[in-house]
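One structure is given here, and the rest of the page talks about it.
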Amino acid sequence: MKALFALVLLAMAVPAHAAFDPVEFFRGRTHGEGILKIMFKQPVKMSVDSEGFAEKDGSLLLKQIVHEPGKPARTRYWKLRKTGNNLFEGTLTDAAGPVRVDVMGERIRIRYKAKNHLDFDQMLTPAGSRAVNNAMRVKRFGITVARYDEVIRKLD
């Protein structure tokens, strides 16, 4: 009975899921593949190749090459730094203003505004130790105009 009680106490003391750390996950190389669905258009497959670097101050610099069918590959950059217990803030070359990343336990929520009044809202959820699911919704004037569902895998 004492052993069972000790086991229950140990289970309560250890968190069930560690907090998602975007700097740790995106350090090194990752590859994402997903489907982009824009309102009134057919879904298209996209892929994103990324390489992330942890800076001396603990922030993340992430270089991404985005591959969309029928368009030349484009490069964009993210810079994120931890600004609070469960908060990261930063920049993205596609964004018209700051990027906000909220750590919500094992998930993270990424929000930013882009040009043309587009609001991006992403939820990244771990799918094992080396992958995350990315569910992104894009709104314009409060109406969802696009969604992107992707699996991002660590390569390093």
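The values are calculated or read from the model by the stated rules, or taken from the named source; none is laboratory data. Bear in mind the structure is a predicted one, so any value in this text is a computation, not a measurement. Neighbour counts are summed over all protein chains in view; Cβ atoms, including those assigned to glycine, are modelled from backbone coordinates with ideal geometry. These area figures cover heavy atoms from the full protein model, side chains too; ligands, DNA and RNA do not enter into them. Shrake-Rupley method; radii C 1.70, N 1.55, O 1.52, S 1.80 Å.
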Query raised in the report: Which of (1) closer than 22 Å to residue 31 by Cα; (2) of a type outside the set (D, E, K, R); (3) in contact with a helix residue (DSSP H, G or I) (Cβ under 7 Å, 6 or more places away or on another chain); (4) modelled with pLDDT of 95 or more does residue 96 not meet, given it meets every other one?
Result: (1)
Report summary line: Picked from the range 50-61 (must be open to solvent by less than 70 Å² (accessible area, probe 1.4 Å) and in a strand (DSSP E or B)), the residue modelled with the lowest pLDDT is 54
Report summary line: Counted residues in the range 105-143 being at negative phi and under 14 Å from the mean Cα position of the chain (by Cα) come to 23
Query raised in the report: Among the residues of the range 62-86, how many are over 13 Å from the mean Cα position of the chain (by Cα) and open to solvent by less than 60 Å² (accessible area, probe 1.4 Å)?
Result: 6
